Amino acid sequence: MNHPTREEWMSYLYDEISRPAKAAFKTHLQNCPTCQKSLDEWRGVVQNLDAWALPKGRFKMAFVQPALKWAMAALFALGLGYGIGRFSVPSLDAATLRAGIENSLRPSLENEIRARLGRELADEVRSMVAASEASLVANLESLSAKSAAGSIEQTQVILSAYAAALKQQQTQTTQLAGALETLRKDTERMALLTAYGFQRNEQQLVQLATYNEPAASFPGKSGSQPNP
Amino acid sequence: MSNSVVTALTSLFSMTDEQAMWRIQAHDDAEAFAQLLRRWEGPIQRLCARMTGDVHRGQDLAQETFARIYARRKTYEPRGKFSTFLWRVALNLCYDELRRLNRRSEIRLDGENGDFDGQCLELADGDLSPDAKLAHEERAESVRRAVMRLPETYRSVIVLRHYENLKFREIAEVLEIPEGTVKSRMAEALSQLHRFLAQAMENPTPARVKPQSRRLEENLVL
């Protein structure tokens, strides 16, 4: 009789064989007590192995959970080519055409986004700083007017009001950070949509250049009609 | 095709292992590293715990594995899957640790290594009677000892195939040996385990002090 090898039994035991092979091995088992005994022993061990479970909880590792995504956003804006580069090439002509488009458009797109981001950030920062400065100055002026009266208690009241004004400026700074965050998100979205639109335009151009381009997913068509 | 733009770009935020490793290597990206950590710390901890027979040692080795990966990120050469590389680094650290313990004669031939208390199992408390629970713990302990009695080359195959569910072909890539060799090691390992477990049944090792003292308390109450 031709017995399966021990190695083959391992494949059988861990279900790494084809269905026909599995059926053949099963048949052999019915006629071969030797192999059946071996397999029973191995199966017994396999079942016992499952008894050794480990404690469930994952133990957190003491690595620093890092901060954020300015790096991500920067890479995002600069890495538009990353996504584009992953596409498969349908035909040689299309490839050269795409390469041409990419090379000419991508740098200018990157620059435009970066310039825009820089400008809008600068504007936003300037206006918010101006606004908070103005309100702080106004507060101080009204405070100094009040302090002309000058008793100790009044001075204390004035000082606490000053502290409140400082706190308000802090709040505004926080709001500024929030506004910058929103701006960054908008920029990301804009970059995404731009890349999106860029890709669609590119696809249309490619389709025009090579008449065979539209997706061959319509089996009924025997090649597409030239469509000038 | 425009769909893959979106997936390509969104995949920046949930990366494959290979993408994450590239980010770590090229940009020291801590976020990518954290992602790898979240994904792989469990399996690596389990591997190291089972190779050394000790849960706490396993945690230390797992930590060392990831530290090593990060420390050597600049010299990493992407060849094949990242996970293959990861398993290999962890296994080598386990081998080193076992060799170190061996030299200090901390390994006993009967497999009685590691801290029993650390191997406590995840059993819902209400499910089993105290006796059944004890029996389960004893069975787990004898399996643990049997696996620890295996030579390390056989133990690694058992841990990777049975506990971490890698295919034989993947194990062959990790260990850099032919797939047939992996399977013959597996068969030999299972045969040896069968012998060890049969011996353990004949000579049951007494339960450790901890469970027994519980029973004493019960008697005192009466």
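The values are calculated or read from the model by the stated rules, or taken from the named source; none is laboratory data. Model, not experiment: these values are computed from the prediction. Positions of Cβ are generated from backbone atoms using ideal geometry, with glycine treated the same way; all protein chains shown enter the neighbour counts. Just the protein is used for accessible areas: all its heavy atoms, side chains included, with ligands, DNA and RNA removed. Shrake-Rupley method; radii C 1.70, N 1.55, O 1.52, S 1.80 Å.
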Do we find a residue being surrounded by 16 or more Cβ atoms within 10 Å (Cβ to Cβ), touching a helix residue (DSSP H, G or I) at 6+ places or on another chain (Cβ under 6 Å) and modelled with pLDDT of 95 or more anywhere in the stretch A:49-57? yes
B:ASP110 versus (1) outside any helix (DSSP H, G or I); (2) modelled with pLDDT of 85 or more: which is the lone unmet condition? (2)
When the stretch B:127-169 is examined, which residues are found to be touching a residue at least 24 places away in the same chain (Cβ under 8 Å), part of a loop (DSSP other than H, G, I, E, B) and not aliphatic (A, V, I, L, M)? B:GLU164
Scan of the stretch A:181-206 for residues that are at the interface with chain B (Cβ under 10 Å from one of its Cβ atoms) and modelled with pLDDT under 75, ordered by number: A:ALA191, A:LEU192, A:ALA195, A:TYR196, A:GLY197, A:PHE198, A:GLN199, A:ARG200, A:GLU202, A:GLN203, A:VAL206
Of the residues in the stretch B:57-80, those that are charged (D, E, K, R) and either modelled with pLDDT of 95 or more or not in a loop (DSSP other than H, G, I, E, B) (or both) come to B:ARG57, B:ASP60, B:GLU64, B:ARG68, B:ARG73, B:LYS74
Any hit, the stretch B:34-53, residues being open to solvent by less than 20 Å² (accessible area, probe 1.4 Å) and part of a loop (DSSP other than H, G, I, E, B): yes
